[in-house]
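See structure below.
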Amino acid sequence: MGFKAISSSQNEQVRLLVRAASEPRFRRKHGYMWIEGQRLVLDFLSRADAQGSRWQAVALVVSESLQASEAAQEASQRCAALGSDPAQLVLSDALYGGLSQLAHGPGVGLLAQLSPAPDHGEAKRSAQSGSVEHAAGALPDVVLLDRVSDPGNLGGILRSAAAAGCREAWLLKGSAEAHSPKALRAGMGAQFGMLIQEDVELDQLEQAIDEIGGHLVLTVAAEDTGAVSLHEADWLTDPAPLVWAFGQEGSGLSSRLLSWPQARALTIDQTDAVESLNVNAAAAVCLFERRRRLAG
């Protein structure tokens, strides 16, 4: 299947693309993800045909000036090899510019759609059967984000989590959209290889933790009493899954999480040169220390 040229902004496919790229509610309602940039598009397509993948490529979109580029041609070949046979569209540079979420659009984008989300029990079985990439050295842990509202921070946390070997994330209701264009850019494609549950309710959390045989870890400020230092926590060598709770940028974790029975509270030692670490930095420090402990 070759590229199809489109020149009208009123074209039905173009209108769908614009809504999927720019309207968060529309994206979430229909399970769309708009991916921009040669690297991210090729990264997604390299995973799209994996067994059990929940994402399906819907349309490859390139600007007219980049149609003949090596990246566009490689993306086209990868799309043609997919069983889903996604559409391949060429838009005028002006039309692509109106679609792009970047000031200087990269000229290569892809629309993908998510299959219906499983419940937590199904998610667990799905991960065990290979729906989520489990590379060598993967952590058994889950990242739990409590109302992390900035998509850049959220994407950065997922990137750190994936780099540390964590392959699952639960986003409590009130968190930013995991697959928004900004979160995808910050995550650098980390989302493509992770099992991510969004809009999770606190009432679902106890059962979800029990199902994986995990323990809740609360990351808190240094002055909070009862918290153990990251470098003194001997339970970081426990092979059982840890569910790492990272809180909202300003207020931290919710009171319900802070009062969670049998949760383990943990803090990061730091100087008083700054008030606190950015939540993305804190997540990276914790998850890589956990990885180091398990490897040792």
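The values are calculated or read from the model by the stated rules, or taken from the named source; none is laboratory data. These numbers come from a predicted model, not from an experiment. Cβ placement follows ideal geometry from the backbone for every residue including glycine, while neighbour counts extend to all protein chains displayed. We work out accessible area using only protein heavy atoms, side chains counted, and drop any ligands, DNA or RNA first. Shrake-Rupley method; radii C 1.70, N 1.55, O 1.52, S 1.80 Å.
Taking the criterion of being part of a loop (DSSP other than H, G, I, E, B) and free of Cβ contacts under 8 Å to residues at least 12 places away in the same chain, the residues of the stretch 252-262 that qualify are Ser259, Pro261. Residues in the stretch 212-237 that are surrounded by 15 or more Cβ atoms within 10 Å (Cβ to Cβ) and part of a helix (DSSP H, G or I): 3 in all.
Looking at Arg25, Arg19, just one residue is open to solvent by 60 Å² or more (accessible area, probe 1.4 Å), modelled with pLDDT of 95 or more, part of a helix (DSSP H, G or I) and closer than 25 Å to Gln197 by Cα, and that residue is Arg19.
Only a single criterion out of (1) of a type in the set (A, V, I, L, M, F, W, C); (2) open to solvent by less than 30 Å² (accessible area, probe 1.4 Å); (3) farther than 23 Å from Ser149 by Cβ; (4) free of Cβ contacts under 8 Å to residues at least 60 places away in the same chain is not satisfied by Ala240, namely (4). Of note, Ser7 does not satisfy the criterion of being in contact with an Asp or Glu (Cβ under 6 Å, 6 or more places away or on another chain), open to solvent by 40 Å² or more (accessible area, probe 1.4 Å) and not aromatic (Phe, Trp, Tyr). Just one residue in the set Ala265, Ala208 is in a helix (DSSP H, G or I) and surrounded by 15 or more Cβ atoms within 10 Å (Cβ to Cβ); that residue is Ala208. Taking the conditions (1) open to solvent by less than 10 Å² (accessible area, probe 1.4 Å); (2) at pLDDT 95 or above in turn, Gly189 satisfies each one other than (2). Per the listing Leu172, Leu216, Leu195, the residue uniquely aliphatic (A, V, I, L, M) and closer than 15 Å to Leu287 by Cα is Leu216.
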